[in-house]
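Just below is one structure, and these are the notes that go with it.
The values are calculated or read from the model by the stated rules, or taken from the named source; none is laboratory data. Just so it is clear, the model here is predicted, and its values are computed rather than measured. All Cβ positions, glycine included, derive from the backbone under ideal geometry; neighbour counts span all protein chains shown.
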Amino acid sequence: MTTATPTAIDAPVYEGDPFSMEALRDPHKFDGEVRELGPVVYIKKYDYYAITQFTELQKALRDWRRLSSADRPFYEDNPYRPKVLVLEDPPTHTISKNAVMSVLAGDNLVKFEEYFTAEAEKLVDELLADGPIEIDAFNDLAVRYVLKVFPDMLGLPEEGRELLLKFGDGVFNVFGPESEFQDQKLARAAEAQQWVEDNTWRTQQKEGSVGAQLYAMVDEGKLEEEHARQLLKSIFAAGFDTTTASIASMFRAFADNPDQWELLKENPDLLENAWEEAIRYYPASRYGGRVAKKEAVLGGVRIPEGSEILTMWLGAGRDPRQFEDPDSFRVDRDMSKGHLSFGFGIHTCAGNLVARLEARVLLRAVLERVERIELAGEPRQAVNYQAFGHEYVPVRLIPRD
Ligand code: HEM
């Protein structure tokens, strides 16, 4: 990003409403239209700027000094959003990120992989025990698997785990304009609030769990007690809706594109690439937020100092300047240049290694056992301000011989 120059132009103005029900029901169409207006677009109705195109968004996400995470459009203090990580800038962000990455990578990941693999294989074997089966890939596969494996690794009780999805749904609806829709979502999430509070205290953490490891850092003088609790809460907030949604969306993509399942079966080495393509095609998060601490210029377009900003990664994932034929799902697309579905820069998703592991392990278990995935009804997309995903994906799984 460069500093402002006299040649910079004002952003094109968008008169529509990115939070209308119409937009929430088809964010790819909507965010695509806004993206094609320019790399930065002024959203008049809410007085914020949207960074829409891949290259400029990637540049913006590098520039945390100018584009701060400590404030953003629609942000008000609330009980759902932990006040760490995604709402911090360095130097406090660095302390939080190092702490959380130390429990979501390294040796823990090796332990997770072994457990995730065993559970994924068990689940898929169970589903296919009697031959072809019709399931909802959201509830019967993604939710069943994710709510088993990750909470087990976090050391959470069995009872109440489903509340993690309601909590996540609340977290991802906070970040948008006040509306009746938002009120309903938050009322639903309120049920989960107490469970989350109860399960983030030090006394609740099982020996060796992720939570216990975070509290051990308090004993070593690296974190404050409340800081550790907020970090654990941020894992609860971001770690479940995202992965269930993206796994269900991936199976929808395969059910809609049977030739891609064939291609993957013939080339199982494409599995990691296929997952990256799936998360580009159907990202679990539509946007993030920043505030311009100083004037910025992106792609020749000016963002004035003090502006609130949305970082539109869902639309950027379909940017034709970056991805050829972006609206098609191709497991052999060259994904080596990356995507922005996990964000980019210092705020890159802290759980990306866990999310990738969960999804790849399950995809491998299904790939090794399933001949065909057929759509068995009309999938239903979930409606949420910030999150994107599917709440119902009816598919028929035909086992391999
Ligand atoms: C497919 C699943 C997931 C997707 C698509 C996703 C997406 C994202 C994105 C786009 C960001 C950047 C936010 C920003 O820059 O404003 C982010 C940050 C974050 N994610 Fe994820 N996420 C996923 C899964 C997870 C999981 C499983 C966890 C926890 C185990 C997690 C924890 C976090 C945290 C703590 C942050 C804040 C990082 C920071 O501010 O430095 N996410 N995620």
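At-a-glance table
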| read-out | value |
| --- | --- |
| Options Glu126, Glu114, Glu88: the member that is without any contact (Cβ under 8 Å) to a residue 24 or more places away in the chain and under 19 Å from the mean Cα position of the chain (by Cα) | Glu88 |
| Test: residue in region 348-361 that is of a type in the set (S, T, N, Q) and closer than 18 Å to Ala274 by Cβ | yes |
| Where a residue in region 43-65 is within 17 Å of Glu33 (Cα to Cα) and its partner, wherever it lies, is assigned to a strand (DSSP E or B) and among the acidic types (Asp, Glu), with Cβ under 9 Å and at least six apart | Tyr48/Glu308; Tyr49/Glu308 |
| Entirely in region 292-390, the strands (runs of 3 or more DSSP E) that have 2 or more residues that are touching a Pro at 6+ places or on another chain (Cβ under 9 Å) and of a type in the set (A, V, I, L, M, F, W, C) | 296-298, 308-311, 370-375 |
| His347 modelled with pLDDT of 95 or more and in contact with a Ser or Thr (Cβ under 7 Å, 6 or more places away or on another chain) | yes |
| Some residue of region 82-104 being at negative phi and away from the ligand (no atom under 14 Å from the Cβ) | no |
| Qualifying helices (runs of 4 or more DSSP H) (wholly inside region 231-288; at least 1 residues being within 9 Å of the ligand (Cβ to nearest atom)) | 241-256, 271-281 |
| Some residue of region 62-77 being over 22 Å from the mean Cα position of the chain (by Cα), modelled with pLDDT of 95 or more and surrounded by 16 or more Cβ atoms within 10 Å (Cβ to Cβ) | yes |
| Filter result for Ala382 (within 7 Å of the ligand (Cβ to nearest atom) and modelled with pLDDT of 95 or more) | no |
| Close pairs from region 314-335: first within 22 Å of Asp269 (Cα to Cα), partner among the acidic types (Asp, Glu), Cβ under 6 Å, at least 6 apart | Val331/Glu277; Arg333/Glu277; Met335/Glu276; Met335/Glu277 |
| Within region 118-140, tally of residues that are under 19 Å from Pro399 (Cβ atoms), outside any loop (DSSP other than H, G, I, E, B) and not acidic (Asp, Glu) | 8 |
| Residue count, region 146-202 (criterion: out of contact with any strand residue (DSSP E or B) (no Cβ under 9 Å at 6 or more places or on another chain), outside any loop (DSSP other than H, G, I, E, B) and either within 23 Å of Lys111 (Cα to Cα) or touching a residue at least 12 places away in the same chain (Cβ under 8 Å) (or both)) | 29 |
| In region 327-369, the residues that are farther than 26 Å from Glu33 by Cβ and more than 16 Å from the ligand (Cβ to nearest atom) | Val331, Asp332, Asp334, Ser336, Arg364, Ala365, Val366, Leu367, Glu368, Arg369 |
| Every residue from region 59-88 that is farther than 23 Å from Asp241 by Cα and of a type in the set (Phe, Trp, Tyr) | Trp64 |
| Qualifying residue in region 159-174 (condition: in contact with a Ser or Thr (Cβ under 6 Å, 6 or more places away or on another chain) and farther than 30 Å from Phe19 by Cβ) | no |
| Considering residues of region 160-206 that are under 25 Å from Ser69 (Cβ atoms) and among the acidic types (Asp, Glu) only, the residue surrounded by the fewest Cβ atoms within 10 Å (Cβ to Cβ) | Glu178 |
